[in-house]
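K.L.:
One structure coming up, written as structure tokens, with questions to follow.
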Amino acid sequence: MNHPSAQPHFSRRSLIQYGGGFLGTSLLATVLGSNGTNQPATAQSDLTPEQALAQLMAGNQRFVQNKQKNPNQTTIRLPEVVEGQTPFAAVLSCADSRIPIEILFDRGIGDIFVVRDAGNVATESAIASLEFGTLVLGAKVLMVIGHQDCGAVISTMKQAEVPGSIGVILDNIKPAIDNYLGEENDIEAIKQATQANVLYQVDQLNQSPIIAQLQAENKLKIVGAYASLDTGEIRLIKT
Ligand SMILES: [Zn+2]
């Protein structure tokens, strides 16, 4: 995000109250301060959700084929984004260190609004962040990404006893994978459970009135995807 002083101040409750139908999301974004600056969104605002999704997938294909362009990854990019950000995409992915989002999509600074936690779970704070990334910053596509060999999903399948606050993550995954409990030694079951978790977290995001309204206005597309650790390919499983 930008410097805190440049950001609008709001609570999720007030966002939902406004987003619940009194105001269109364009007006709401204006009330909240657009992208946090006086600068209008530029190239991002011209993209359709489908074009934004195509840009993401094209970048992943460049990575998979080792034909990266490495856009926006040097200090030359910094003056372009210092006054504000207009990411064209938002992502909810697992925090796993083997899923570095900008690298896998061959993107750089200011391109993708990324929220990560173990198991790519749509917690209240994750949903709030993604409402900000889509409504206020204007990301046109929102992708939930699960991945091969996800430890959070496997631990949930095992119904593992976990220390500290880790159980919060498992509690957020369990409703998605009730059909796969105890199947943690079956690689295919792990993959299916991981994909079921992606679909469940997409459903959780769709319960946000803001995210639902942006989709109804054709300003946002939400999709689910699965990342292969073997190849780095990110494949859509829900469009
Ligand atoms: Zn994971």
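The values are calculated or read from the model by the stated rules, or taken from the named source; none is laboratory data. Just so we're clear, the structure is a prediction, and the values are computed from it rather than from any experiment. With ideal geometry, Cβ positions are generated from the backbone for all residues, glycine too; neighbour counts draw on all protein chains shown. These area figures cover heavy atoms from the full protein model, side chains too; ligands, DNA and RNA do not enter into them. Shrake-Rupley method; radii C 1.70, N 1.55, O 1.52, S 1.80 Å.
K.L.:
State the number of residues belonging to region 77-99 that are within 16 Å of the ligand (Cβ to nearest atom) and either open to solvent by less than 40 Å² (accessible area, probe 1.4 Å) or at pLDDT below 95 (or both).
P.N.:
Of the residues in region 77-99, 6 are within 16 Å of the ligand (Cβ to nearest atom) and either open to solvent by less than 40 Å² (accessible area, probe 1.4 Å) or at pLDDT below 95 (or both).
K.L.:
Another one. So for region 217-224 (the condition being modelled with pLDDT of 95 or more and under 18 Å from L104 (Cβ atoms)), does at least one residue qualify?
P.N.:
Yes, because at least one residue in region 217-224 is modelled with pLDDT of 95 or more and under 18 Å from L104 (Cβ atoms).
K.L.:
Of the conditions (1) within 16 Å of the ligand (Cβ to nearest atom); (2) out of contact with any Pro (no Cβ under 8 Å at 6 or more places or on another chain), S208 clears all except one; give me its number.
P.N.:
The number of the failed condition is (1).
K.L.:
Sticking with this one: Test R107 against the stated conditions and say whether it is outside any helix (DSSP H, G or I), touching a residue at least 60 places away in the same chain (Cβ under 8 Å) and open to solvent by 30 Å² or more (accessible area, probe 1.4 Å).
P.N.:
no
K.L.:
Could I ask something else about it? Check whether at least one residue in region 164-173 is in contact with a strand residue (DSSP E or B) (Cβ under 9 Å, 6 or more places away or on another chain) and of a type in the set (G, A, S), and report yes or no.
P.N.:
no
Let's see how each residue does on (1) farther than 28 Å from A118 by Cα; (2) of a type in the set (A, V, I, L, M, F, W, C); (3) modelled with pLDDT of 95 or more:
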site: Q7; (1), (2), (3): no, no, no
site: R12; (1), (2), (3): no, no, no
site: G19; (1), (2), (3): yes, no, no
site: L23; (1), (2), (3): yes, yes, no
site: L32; (1), (2), (3): yes, yes, no
site: L47; (1), (2), (3): yes, yes, yes
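K.L.:
Name the single residue that is nearest to the ligand (Cβ to nearest atom) among those in region 189-200 being farther than 14 Å from C94 by Cβ and either open to solvent by less than 40 Å² (accessible area, probe 1.4 Å) or free of Cβ contacts under 8 Å to residues at least 12 places away in the same chain (or both).
P.N.:
Going through the qualifying residues, I end up with A196.
K.L.:
If the requirement is being over 26 Å from P87 (Cα atoms) and among the hydrophobic types (A, V, I, L, M, F, W, C), which of these qualifies: V153, V144?
P.N.:
V153
K.L.:
Scan region 153-188 for residues that are open to solvent by less than 30 Å² (accessible area, probe 1.4 Å) and part of a loop (DSSP other than H, G, I, E, B) and jot them down.
P.N.:
The answer is I177, and nothing else.
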